[in-house]
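Data first, discussion second: the structure below is written as structure tokens.
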Amino acid sequence: MATRKMLTGNYAAAYGAKLARVEVFPAFPITPQTPVMEKIVEFIENGELDAEFIPMESEHSVMAAAVAAEAMGARTFTATSSQGLLYMHENLFVASGIRLPVVMAIVNRVVGPPNTVLNDLSDSLDQRDTSWIQIYVENAQEVLDMIPQAYRIGEDERVLLPVAICFEGIIISHYMEPVEILDQDKVDHFLPPYRPKQVVLDPDRPMSLGQIVMDDTYITEMKYQQQEAMDRSKAVIREVDEAFGDAFGRWYGGLFAAEWIDGAEVVLLTLGSLASTVRAVVKQLRDEAGLPIGFVKLRAFRPFPAQELRDCLSHVKAAVVLEKGVSIGAGGPVFLDLSHCLNRRDRMPLLIDYIVGLGGRDVTFEEVRNIALTVFEERHADSITNPVRWHQVRGL
Amino acid sequence: MINNPRDALFKEDYFHPGHPLCPGCPGGMALRWIMKVLGRDSIANVGATCLCLPTHVYPHSLEIPSLYIAMAPSPAGISGMSAAIRILKRKGVIPAEKRITVFAISGDGSTADIGMAALSGAAERNDDGLYFCFDNEAYMNTGIQRSSTTPQFSWTFSTTKGKVQRKKDLPKIMAAHDIPYVATLSVAYPEDFVRKVEKARDMGPGFKYFQIHGPCPTGWRFPEHKTVEVARLAVETGFWSLYEVVHGSFNITYRPRKRLPVVDYVKLQGRFQGLTAQDIRTLQNWVDEKEEGPGS
């Protein structure tokens, strides 16, 4: 029986892992991820979850242990934040390079200095090249729902890639929301046990994983296979979203959720918890001012839904990205990816990037509304000189 | 049953000729004996070491499953694998009665330097597996740079005037982790080698640490047919000692009848070329203190 409880995002992630019947859980505590770890340990110790917790001595070792456990054929889960995620960085490539569908909750937190436990998305956005599927979610319910989905996506034989479910620290991880805890039998039906057929360390059919090559043997080809798997994962993410919706009554839109796109001249695109605010602003501007503004909540940053967003946004005059992360020296990571996919010879929407919410700075309804109105005024401009806008810099 | 270590040496091979190690490399011998003892139902975690070459450099491989993660974290590989085996046995995916031995093998740089935290973590948790540090006393696979286990005065490409510091005593550090088994190994003493690995294999769950003294003809600058001679002289001079620590109890497993002077060992190796009489006295004092000091 599904039940409803008041849960933080962190506890929702722990419940999601329990429902997915994860088998090995190596972890290292870091604020704001810590309650995920504590709750899963509690589940294991009180017998609600049959799994092995390994209290690792660093995140680098966490991801190494996760790689080793997953390579043995055990469904493996972990969670981390910020500097911990960066400490894993090397081994993130190993998980994806060996094609191991580890799932990780990334509880987003600023990468210092300045060091803080507050959030933006700079920790996970900058892991974009590690060949992990990254899905950004908006609230605690979506956190819980996405953990079983993440396993079904990653473990699909068309994919076999690790999956990160990213949600912002404190604002999602530590605030309570009413969350429906899924029925275990239905989750078991939705997500059967993981018993890998291809990549597994088994003395009865030995294989070497993580080979070293002394020339360019297969490197290009193996990377290309990862690219193909990432491409195939787009369809799988959509299918799994459909299957989840059919089973549990909640659909999230797969790669991204687009609202009020038909006839929209300006579209606001964002990801993570900011989606709730931006959606409300867009709704108000449409309902009360009748402005033709649409909204996109980007969910998958990797695979980046380039073709799909191009199809969705080709008719608009201006697209605005609001993102809590930046690649200093270039612009916001989502904006940069969106630029390449909208780039066309004939016509390209005006594309504007707002860097907001760094270090957990509040992004208010009013601010988003001002951004929307500003861009709406600019929508017919032939070109703009300042596409990347640091919106909240004090004293500027 | 009388357990004769010689039996193991005549067992089937899972490590094959034609490997790409340097001529005279003791690592080939060591890995071959380890594989003979651990057998087919074992899984390897290989860290950064010259022994990557025969185990993980395409197209070479062992005849057992093996995983290379990265330079540092092969101890964490033991942790992940042994945890996976426990849960998969509880769930009946792996038959409960099947014995699978998990082991790691890594170099002195990856063990004593970059992987020290991972090693200490796995040992403190007492995760189930055997860890072999192949200690050739420098970063040999990257072309002879110092590590924390390089002995004092040794030449390397990053200590061209000789290393200033002494060799880190890693087996003692591991013994201080209160793990079930710590042992030092030498390729000049195969029976001692094999007996210790068998003992650790059969002693039940827990973290077992081995350090293999690995005289390296390429990096230590001696002729490749002298590997075993150099290895033996290391032990006969006390430069390297053969012992085991079983649940905290320290036993010397081979004691030279009369310790030879350290100069006999040093003079065979180009890496110690140019040592002064004072340097040799310093090394001799280090050996004497080490051999006669507490815990020996």
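Taking 17 Å as the straight-line reach from the Cα of residue A:39, the lysines in range (excluding those fewer than 8 positions away in the same chain) are A:5, A:18. Among the residues of A:85-93, the average count of other protein chain beta-carbon atoms within 10 Å of the residue beta-carbon is 1. With R₀ fixed at 30 Å, the C-beta to C-beta distance from residue A:251 to residue A:364 puts the FRET efficiency at about 0.55.
Order these by the 10 Å Cβ neighbour count, fewest first: B:25, B:133.
With the sparsest Cβ surroundings first, the list reads B:25, B:133.
Other protein chain C-beta atoms within 10 Å of residue C-beta, averaged over A:196-208: 5. Listed by chain and number, the lysines whose C-alpha is less than 27 Å from the C-alpha of residue A:283, apart from same-chain residues fewer than 8 away, are A:297, A:317, A:324.
On a straight-distance basis, which aspartates and glutamates could pair with residue B:167 in a cross-link, Cα separation under 15 angstrom, same-chain partners fewer than 8 positions away excluded? Leaving aside aspartates and glutamates fewer than 8 places away in the same chain, those within reach of residue B:167 are B:108, B:113, B:135, B:137, B:279, B:288, B:289, B:291. Beta bridges per DSSP, both residues in the stretch A:256-390: antiparallel share near 20 percent.
For the pair the stretch A:179-240 / the stretch B:114-130, the C-alpha centres are spaced 28 Å from each other.
The residue B:278 and residue B:225 beta-carbon pair, evaluated with R₀ = 41 Å, returns a calculated FRET efficiency of approximately 0.85. For residue B:183, the amide hydrogen comes within under 5 Å of the amide hydrogens of B:209, B:210, B:211, B:245, counting only partners 5 or more places away or on other chains and with H modelled in the peptide plane.
With the highest mean first, a sort of the peptides B:141-152, B:272-283 on other beta-carbon atoms found within 10 angstrom per residue produces B:141-152, B:272-283.
Centroid-to-centroid, using Cα positions, the stretch A:12-91 and the stretch A:335-396 are 37 Å apart. For residue B:240, nonlocal amide neighbours, meaning residues 5 or more places apart or on other chains whose placed amide H falls under 5 Å from its own, are B:235. From the helices alone, meaning DSSP H stretches of at least four residues, give me the mean residue ellipticity at 222 nm for chain A, per-run term -39500 (n - 2.57), in deg cm²/dmol to the nearest 500. Result for chain A, helices only: -12500 deg cm²/dmol.
If you sort the three axes of the alpha carbon gyration tensor as a ≥ b ≥ c, you get a/c under 1.5 for the stretch A:13-156, which makes it rounded. When the protein assembly as shown is described by a simple charge dipole with +1 on each Lys and Arg Cβ and -1 on each Asp and Glu Cβ, the residue from A:230, A:27, B:111 located farthest towards its positive end is B:111. Across peptide A:23-30, the mean count of Cβ atoms from other chains lying within 10 Å of each residue's own Cβ comes to 3. Between residue A:210 and B:68, the built amide H atoms are under 5 Å apart, and every one of these is 5 or more places off in sequence or on another chain.
DSSP beta bridges confined to the stretch B:5-292 are antiparallel in about 30 percent of cases. Going by Cα centres, the stretch B:248-286 and the stretch B:202-224 are how many Å apart? When both Cα centres are located, 18 Å separates them. Placing dummy labels 7 Å off each Cα toward the beta-carbon, the span from residue B:250 to residue B:263 is 2.9 nm. Look at B:79, A:124 and count the other Cβ atoms within 10 Å of each Cβ; fewest to most, that gives A:124, B:79. Counting other Cβ atoms within 10 Å as a rough exposure proxy, the listed residues A:223, B:290, B:167, B:258 run B:258, A:223, B:290, B:167 from fewest neighbours to most. Using a Förster distance of 25 angstrom, determine the FRET efficiency expected from the C-beta separation of residue B:16 and residue B:202, and round it to 0.05. Once the sixth-power term is evaluated, E becomes 0.45.
Residues within the reach of a label modelled at residue A:381 (point 7 angstrom out along Cα to beta-carbon, backbone nitrogen below 15 Å), restricted to the stretch A:332-369, are A:349-355. For chain B, the 222 nm mean residue ellipticity estimated from helices alone, with every DSSP H stretch of n ≥ 4 adding -39500 (n - 2.57) and the total spread over all residues, rounds to -10000 deg cm²/dmol. Applying the criteria of a DSSP loop state and at most 16 other Cβ atoms within 10 Å to the trypsin sites (Lys or Arg not before Pro) of the stretch B:1-42 yields B:11, B:40.
All of the numbers you see were taken from the coordinates with simple rules; none came from a lab. Predicted model only: the values in this text are computed from it and were never measured. Cβ atoms come from the backbone with ideal geometry, glycine included; neighbour counts cover every protein chain shown.
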